[in-house]
Amino acid sequence: MELQQLNAIKSEIRTLGPEQVLDLEAIIQTVISEQIAAISLVRRTQSVIQSKTCPHCRGTDVVLHGKDKNLRQRFRCRAQECRRTFNILTGTPMARARKPEKWGRYLQYMTDHLSVRRIIEAGIGVNHTTVWRWRHRFLKAAANDNTPLLSGVIEADETFFVRSFKGSRGWVKGKAPEHRAARPLGWGATKRGLSNEQVPVLTALDNAGGIYEAILPSLTAIEAALEGRIAGGSVVCSDGAKAYVKAAVAAGAEHRRIVVPTIISHAVKANPVPTKRRQKGRLGLGRVNAHHGQIKVLVNGRCRGVSTRYLGNYLGWHRAMVKGTAGKALLDCALR
Ligand SMILES: [Zn+2]
């Protein structure tokens, strides 16, 4: 649109009545959500122009340096020892990713849980490899996004995923990866109980919506994983495993053991126990259990199992969705 035309519209807007302004606001919001990625990039460009900060040396003497072949603004740092050029994506997981005008649409598809194949079929206009790369760039950004410090009432517990080598190159070459026999999809672990086939995932939630999640090398790593993650004076609820008690004490927090009754399903059938309504304000592990239920549905259900290598990415994706506007949250992580 010509500048003159835009200015004409701007002055027209000033003459609108309040109801018309509200109507217009709704339209603008829709357009913003449709062009979310392109708008984020413009915002970023404007903020670099304003702050003049170099992503390489954090210096603040940056000048405009022409545009690249995708018409993206380039900048140059004038600091004596740096002198490097960059664009607004340098240093982010989206550096060198192309076609930002399509990221918004892609993120929408992802929020709707479309698989890579379905996204191609929906006509996004980029190839399979590009969509796959976008997925993992965005997810990788989300994987690194954890609440740094939990406070208030914290629920902590662990859950397990069956170790998976889905898509592993070892299989492509016809040999089983890491000396492990084939396990048909959906079989679950081949050994009973805890073994190396199970990957522990630790989750801690606070009542302000904070989520911290970690894939652990083994259960002995719980205490170390929680170090520095719990604010002093908090109340940590867990099943009472020693690691949680120690982590809470080390952080100067209080620990409460939540006793979960062990219910055997056939016994319940024979002699059903009336469930009590949960009393408001009572401590429990309900939220963390529900969270674990959700990540199981995402990873084992919707995604039909995820290679353990990518498990962290999908957990991050789920956290972004829990926080609300998933597409926007992912984009924010990716451009941080
Ligand atoms: Zn610099």
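The values are calculated or read from the model by the stated rules, or taken from the named source; none is laboratory data. Since the structure is predicted, the reported quantities are computational estimates derived from the model, not experimental observations. Cβ: placed from backbone, ideal geometry, glycine included. Neighbour counts: every protein chain shown. Side chains are part of the model used for accessible areas, which takes the heavy atoms of the whole protein and leaves out ligands, DNA and RNA. Shrake-Rupley method; radii C 1.70, N 1.55, O 1.52, S 1.80 Å.
None of 48, 42, 31 is within 16 Å of the ligand (Cβ to nearest atom) and either surrounded by 12 or more Cβ atoms within 10 Å (Cβ to Cβ) or not acidic (Asp, Glu) (or both) except 48.
In the stretch 78-101, which residues are closer than 22 Å to residue 143 by Cα and not polar (S, T, N, Q)? Scanning the stretch 78-101 gives 88, 89, 91, 93, 94, 95, 96, 97, 98, 100. Report yes if residue 143 is at negative phi, within 16 Å of the ligand (Cβ to nearest atom) and modelled with pLDDT under 85, otherwise no. No, not satisfied. Scanning the stretch 302-321 for residues that are open to solvent by 40 Å² or more (accessible area, probe 1.4 Å) and either in a helix (DSSP H, G or I) or within 22 Å of residue 205 (Cα to Cα) (or both) returns 302, 309, 310, 321. Quick one: is residue 120 of a type in the set (A, V, I, L, M) and either open to solvent by 40 Å² or more (accessible area, probe 1.4 Å) or within 16 Å of the ligand (Cβ to nearest atom) (or both)? The answer is yes for residue 120. What do you reckon, is residue 87 surrounded by 15 or more Cβ atoms within 10 Å (Cβ to Cβ) and modelled with pLDDT of 90 or more? Yes.
Just to verify a result, which residue in the stretch 215-235, among those that are among the small types (Gly, Ala, Ser) and under 21 Å from residue 160 (Cα atoms), is modelled with the lowest pLDDT? Working first, answer last.
Restricting attention to the stretch 215-235, the residues satisfying the condition of being among the small types (Gly, Ala, Ser) are 218, 221, 224-225, 228, 231-234.
Among the residues that remain, those that are also under 21 Å from residue 160 (Cα atoms) are: 218, 221, 224-225.
Details: 218: 86, 221: 91, 224: 93, 225: 93.
Top of the filtered list is 218.
Determine, yes or no, whether residue 114 is open to solvent by less than 40 Å² (accessible area, probe 1.4 Å) and either of a type in the set (Ser, Thr, Tyr) or more than 16 Å from the ligand (Cβ to nearest atom) (or both). Criteria not met by residue 114.
With respect to residue 100, is the statement that it is open to solvent by less than 70 Å² (accessible area, probe 1.4 Å), within 16 Å of the ligand (Cβ to nearest atom), under 25 Å from residue 130 (Cβ atoms) and not small (Gly, Ala, Ser) true? Taking the combined requirement at face value, the residue does not satisfy it.
Of the residues that sit in the stretch 70-84 and are open to solvent by 30 Å² or more (accessible area, probe 1.4 Å) and not in a loop (DSSP other than H, G, I, E, B), which one is farthest from the ligand (Cβ to nearest atom)? The extreme case among them is 73. Counting only residues that are assigned to a loop (DSSP other than H, G, I, E, B), open to solvent by less than 70 Å² (accessible area, probe 1.4 Å) and within 16 Å of the ligand (Cβ to nearest atom), the stretch 51-69 holds 7 of them.
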